[in-house]
Amino acid sequence: MRILFVLPAPVRVPSGGASVVYQHAKGLVERGHEVTVVAPNRMNGLPGVARAAAQRLRNRWHGVAERPLWAPEGVRTVEVASPKGLNIDSYESVIATGHQTAPWVHRAMGERVSGRVYFIQGDERYQTPLAEATWDLPFTRISISHWLADVLAEHGAPVAAVIPNAVDRETFTCTNPPEGREPRVIALYHRLPVKGPDTLIDALTRLKPLVPEVQATVITARPPQHRLPSWVSVRIRPDADSLVELYNRAAVCLHTSRLEGWGLVPMEAAACGCAVVATASRGVSEYLADGRSMLQVNVGDANGLATHTARLLAHPEERAHLAQAGIEDVSRFSWESSTSRLESVLKAAL
């Protein structure tokens, strides 16, 4: 098949949703398909020129390259000036990847019915209420999680399949026994409120008096906009090897989001032997179980996050048991299986 993924914008910094798209694109190429990823930069016209200049300045300030972040072998990435520049005629399967892209693909396909696919990775109504209307467009819908599939079904827009995320097992692996790790915490920082940066800062602030020797590292795509505690180390866009090393040094991974379609960072950390302490942001429960392979608190409960983390740091045996269960639980998922399922859905949509 000739397959086209349509992203909302060019990818310059790490993004969970975009990484999933490129992971599937890579797998589909390995299965013999021709795959292109297109990203409108929406920088045409005077307002667009101004946005482009501001974006370039910001990227230079943050040390971000102007080329696409991911470039898997065999996957072609194309940037176009505007969604109106989408040319889908030569593709058998066209995949919208977000609430912005679904209307673009819908207009570009016109009366064509076959090959329309909508890959829904989150409940994007937190961004705009208009996202819900895109669920009603005539697509073959797929989601990454069962909870999201339930939301869509309740709306009257059932999905054709749930295609779960995974981690690269050859990359994200446990090389340091969980029970012997220093009191170190790792977490994702993101400026968006839905990612819970305020909860993260509050939890770390509460944790320090409970465990004075604790160390913490936050990973982030761009320099933080919030003031983090002075004792917290910040790592901006670590490469894969560095990220795996950070996970393997940490004893606990804190997950503070308010809402997640899936949540890749806790999954990667669990695969590397971190015990996960998470808010009930829905996505993480797709692959870890509260009380078995993670400890979970209500969304926004910074005190609960700090208390659970302090207990795990003080009890290595309990932490190791939780971490080992996490390794087992995430090992049930594989990109090979998920991309094979996606391939079947794309063929059926034709």
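The values are calculated or read from the model by the stated rules, or taken from the named source; none is laboratory data. Because the structure is predicted, anything quoted here is derived from the model rather than measured. All Cβ positions, even for glycine, are placed from backbone atoms using ideal geometry, and neighbour counts span all protein chains on display. These area figures cover heavy atoms from the full protein model, side chains too; ligands, DNA and RNA do not enter into them. Shrake-Rupley method; radii C 1.70, N 1.55, O 1.52, S 1.80 Å.
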Requested in this report: Scan the stretch 296-318 for residues that are free of Cβ contacts under 8 Å to residues at least 12 places away in the same chain, acidic (Asp, Glu) and not in a helix (DSSP H, G or I) and report the count.
Outcome: 0
Requested in this report: Can you tell me which residue among SER293, SER334, SER281 is in contact with a Ser or Thr (Cβ under 7 Å, 6 or more places away or on another chain) and at pLDDT 95 or above?
Outcome: SER281
Requested in this report: Test each condition in (1) more than 30 Å from GLY27 (Cβ to Cβ); (2) in contact (Cβ under 8 Å) with a residue 24 or more places away in the chain for HIS321 and report the one that comes out false.
Outcome: (2)
Requested in this report: With the checklist (1) more than 17 Å from ALA348 (Cβ to Cβ); (2) touching a Leu at 6+ places or on another chain (Cβ under 9 Å); (3) open to solvent by 40 Å² or more (accessible area, probe 1.4 Å); (4) outside any helix (DSSP H, G or I) in hand, flag the one item ARG169 doesn't pass.
Outcome: (2)
Report task. Of the numbered conditions (1) without any contact (Cβ under 8 Å) to a residue 60 or more places away in the chain; (2) part of a helix (DSSP H, G or I), ALA216 fails exactly one; give the number of that condition. Result -> (2)
Report task. Hey, could you check the stretch 172-192 for residues that are assigned to a strand (DSSP E or B) and of a type in the set (A, V, I, L, M, F, W, C) and say which is most open to solvent (accessible area, probe 1.4 Å)? Result -> LEU188
Report summary line: The condition from (1) farther than 30 Å from HIS33 by Cα; (2) crowded, with 22+ Cβ neighbours inside 10 Å that VAL265 misses is numbered (1)
Report summary line: Among residues of the stretch 72-87 being of a type outside the set (Lys, Arg) and open to solvent by 90 Å² or more (accessible area, probe 1.4 Å), the residue modelled with the highest pLDDT is GLU73
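Among residues belonging to the stretch 121-142 that are without any contact (Cβ under 8 Å) to a residue 60 or more places away in the chain and among the β-branched types (Val, Ile, Thr), point out the one that is least open to solvent (accessible area, probe 1.4 Å).
THR134
Taking the residues in the stretch 280-295 that are outside any loop (DSSP other than H, G, I, E, B) and touching a strand residue (DSSP E or B) at 6+ places or on another chain (Cβ under 6 Å) as candidates, determine which candidate is most open to solvent (accessible area, probe 1.4 Å). First the steps, then the outcome.
Going through the stretch 280-295, the residues outside any loop (DSSP other than H, G, I, E, B) turn out to be 282-286, 290, 294-295.
Those left that are additionally touching a strand residue (DSSP E or B) at 6+ places or on another chain (Cβ under 6 Å): 283-284, 290, 294-295.
Numbers: GLY283: 0, VAL284: 0, ASP290: 92, MET294: 1, LEU295: 19 Å².
Among those that are outside any loop (DSSP other than H, G, I, E, B) and touching a strand residue (DSSP E or B) at 6+ places or on another chain (Cβ under 6 Å), it is ASP290.
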Query raised in the report: Can you find even one residue in the stretch 221-243 that is touching a residue at least 60 places away in the same chain (Cβ under 8 Å), at positive phi and open to solvent by 30 Å² or more (accessible area, probe 1.4 Å)?
Result: yes
Query raised in the report: Within the stretch 326-342, can you find the residues that are charged (D, E, K, R), surrounded by fewer than 19 Cβ atoms within 10 Å (Cβ to Cβ) and in a helix (DSSP H, G or I)?
Result: GLU328, GLU336, ARG341
Query raised in the report: If only one of ARG341, ARG311 is touching a strand residue (DSSP E or B) at 6+ places or on another chain (Cβ under 7 Å) and not small (Gly, Ala, Ser), which one is it?
Result: ARG341
Query raised in the report: Residues of the stretch 27-41 being surrounded by fewer than 19 Cβ atoms within 10 Å (Cβ to Cβ) and free of Cβ contacts under 8 Å to residues at least 60 places away in the same chain, which ones?
Result: VAL29, GLU30, GLY32, GLU34, THR36, ASN41
Report summary line: Residue hits (the stretch 245-262; open to solvent by 20 Å² or more (accessible area, probe 1.4 Å) and either closer than 21 Å to ARG319 by Cβ or over 16 Å from the mean Cα position of the chain (by Cα) (or both)) are GLU245, ARG249
Report task. Starting from the stretch 193-209, keep only residues that are open to solvent by 50 Å² or more (accessible area, probe 1.4 Å), then list their pairs with residues that are assigned to a helix (DSSP H, G or I) and modelled with pLDDT of 95 or more whose Cβ atoms are within a distance under 7 Å, requiring at least 6 positions of separation or different chains. Result -> ASP202/ALA302; ARG206/ALA302; ARG206/ASN303; ARG206/ALA306
